[in-house]
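Undergrad: Got a structure for you, written out below as structure tokens; questions coming shortly.
The values are calculated or read from the model by the stated rules, or taken from the named source; none is laboratory data. Everything numeric in this text was worked out from a predicted model, so none of it was measured. Cβ atoms come from the backbone with ideal geometry, glycine included; neighbour counts cover every protein chain shown.
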Amino acid sequence: MPETATHVGSGKVRELYELDDDRLLLVASDRISTFDVVLPTEIPDKGRVLTGLSAFWFARTREIVPNHLLALRADGRSTECRRLEMLPLECVVRGYLTGSGWKDYEATGAVCGHQLAEGLRDSDKLPEPIFTPATKAQEGHDENIDRARAAELVGQERFDEVERVSLELYGFASAYAAERGILLADTKFEFGLDEVGRLVLGDEAFTPDSSRFWPADEYEPGRPQPSFDKQFVRDYCETLGWDKTPPGPDLPDEVVAGSRARYVEAFERLTGLDFDAYLADPDVVLG
Ligand code: PZK
């Protein structure tokens with residue numbers, strides 16, 4: 001990290017620095033959160049897996065929408081990004097009904113104003129993907145909102161644009177991932193505007209921290225699905241009787257190793273690249 005970079009923000013597992021007036025540095029750590037708690041034990045290379053996957057997808061979706069990626073750093077975990085004016089909207093697309101979408105459906109029969117058929121089960125595939133925006137919470141969980149509220153926040157025209165682009169991005173990546181044995185249950189985007197008001201995809205894209213990845217060969221609707229990457233860690237935590245409030249438990253070496261292997265497997269299956277090739281030269285993901 002350059003000495004001149006000023007820290008401007010923290011996510012749960014990422015840090016954001018200012019490089020100059022036009023550029024930010026986004027650094028993905030190896031921290032992992034489960035049940036919304038960041039654990040004291042890191043998963044080696046997790047930040048590199050997420051950074052590499054995000055860059056892979058940015059490179060392959062730039063014809064759908066431009067993105068903020070300017071360069072990958074040699075450390076494999078840092079990306080130089082265009083500085084944008086971020087929209088105050090979490091742009092979520094769901095192809096399957098789970099998480100907060102499932103909760104809302106159970107309570108009301110609808111998700112963000114999308115009225116759904118009766119009798120759907122947890123993790124059912126939706127007849128077509130739906131755009132389910134949320135507001136960014138400073139802390140705690142994002143709040144699902146309907147399209148009218150979302151259009152108030154960003155304007156009707158911009159709402160129509162982010163909905164169309166989000167559905168197009170999800171359609172592209174979910175078809176690609178499904179061919180490689182991974183179901184992309186849902187995903188979250190954050191968009192911004194460049195200096196002339198053009199829509200630009202920011203943040204991270206199609207990483208296991210911004211999406212739910214499910215192993216296709218274990219898919220069985222009617223129950224919550226095992227997470228491709230985090231199930232190892234969740235299952236271990238469940239054996240402890242931990243109450244899921246901070247501090248989280250330390251992870252034993254075998255859980256760390258199993259978890260790292262799942263992240264690397266997701267990277268290799270989705271990109272078709274050796275993870276070691278990425279470590280040697282991160283630009284391999286850019287194609
Ligand atoms: C931006 N965040 C959230 C993410 C953090 C915080 N390209 C951009 N331009 C302007 N602002 C942002 C981005 C991006 N991406 C993103 N906050 C501001 C965030 C990761 C780590 F600490």
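Undergrad: Determine if region 242-262 includes at least one residue that is among the polar types (S, T, N, Q) and part of a loop (DSSP other than H, G, I, E, B). Walk me through how you get there before you give the answer.
TA: Here is the first cut: in region 242-262, the residues among the polar types (S, T, N, Q) are 245, 259.
Cutting the leftovers down to part of a loop (DSSP other than H, G, I, E, B) gives us 245.
Among the residues of region 242-262, at least one is among the polar types (S, T, N, Q) and part of a loop (DSSP other than H, G, I, E, B), which makes the answer yes.
Undergrad: Being assigned to a strand (DSSP E or B) and within 15 Å of the ligand (Cβ to nearest atom) is the filter here, so list the residues in region 35-84 that pass it. Full working, then the answer.
TA: Just the residues of region 35-84 that are assigned to a strand (DSSP E or B), to begin with: 37-38, 67, 69-72, 78-82.
Within region 35-84, Val38, Asn67, Leu69, Leu70, Ala71, Leu72, Ser78, Thr79, Glu80, Cys81, Arg82 qualify.
Undergrad: Considering only residues of region 11-32 that are out of contact with any strand residue (DSSP E or B) (no Cβ under 7 Å at 6 or more places or on another chain) and either closer than 17 Å to Leu279 by Cα or free of Cβ contacts under 8 Å to residues at least 40 places away in the same chain (or both), which is nearest to the ligand (Cβ to nearest atom)?
TA: Gly11
Undergrad: Suppose we filter region 164-205 for residues that are within 14 Å of the ligand (Cβ to nearest atom), among the aliphatic types (A, V, I, L, M) and in a loop (DSSP other than H, G, I, E, B); how many remain? Break it down stepwise before answering.
TA: To start, the set of residues in region 164-205 that are within 14 Å of the ligand (Cβ to nearest atom) comprises 188-195, 198-205.
Those still in the list that are among the aliphatic types (A, V, I, L, M) too: 193, 199-201, 205.
With the extra rule that they be in a loop (DSSP other than H, G, I, E, B), the set shrinks to 205.
Count: 1.
Undergrad: Also: Give region 56-68 a look and list any residue that's touching a Lys or Arg at 6+ places or on another chain (Cβ under 8 Å) and surrounded by fewer than 23 Cβ atoms within 10 Å (Cβ to Cβ), or say none. Even if it seems obvious, please write down each step before you answer.
TA: Taking region 56-68 and keeping what is touching a Lys or Arg at 6+ places or on another chain (Cβ under 8 Å), we get 66, 68.
Pro66, the sole residue that qualifies.
Undergrad: For region 15-29, check the following and say yes or no: at least one residue is modelled with pLDDT of 95 or more, surrounded by 16 or more Cβ atoms within 10 Å (Cβ to Cβ) and part of a loop (DSSP other than H, G, I, E, B).
TA: Checking region 15-29: at least one residue is modelled with pLDDT of 95 or more, surrounded by 16 or more Cβ atoms within 10 Å (Cβ to Cβ) and part of a loop (DSSP other than H, G, I, E, B).
Undergrad: Right, next: Which number in (1) assigned to a loop (DSSP other than H, G, I, E, B); (2) under 30 Å from Val27 (Cβ atoms); (3) not β-branched (Val, Ile, Thr) marks the one condition that Asp122 misses?
TA: Going through (1) assigned to a loop (DSSP other than H, G, I, E, B); (2) under 30 Å from Val27 (Cβ atoms); (3) not β-branched (Val, Ile, Thr) one by one, Asp122 breaks only (2).
Yes or no, residue by residue, for (1) crowded, with 23+ Cβ neighbours inside 10 Å; (2) touching a strand residue (DSSP E or B) at 6+ places or on another chain (Cβ under 6 Å):
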site	(1), (2)
Asp194	no, yes
Ala205	yes, no
Ser210	no, yes
Pro215	no, no
Gln225	no, yes
Val233	yes, yes
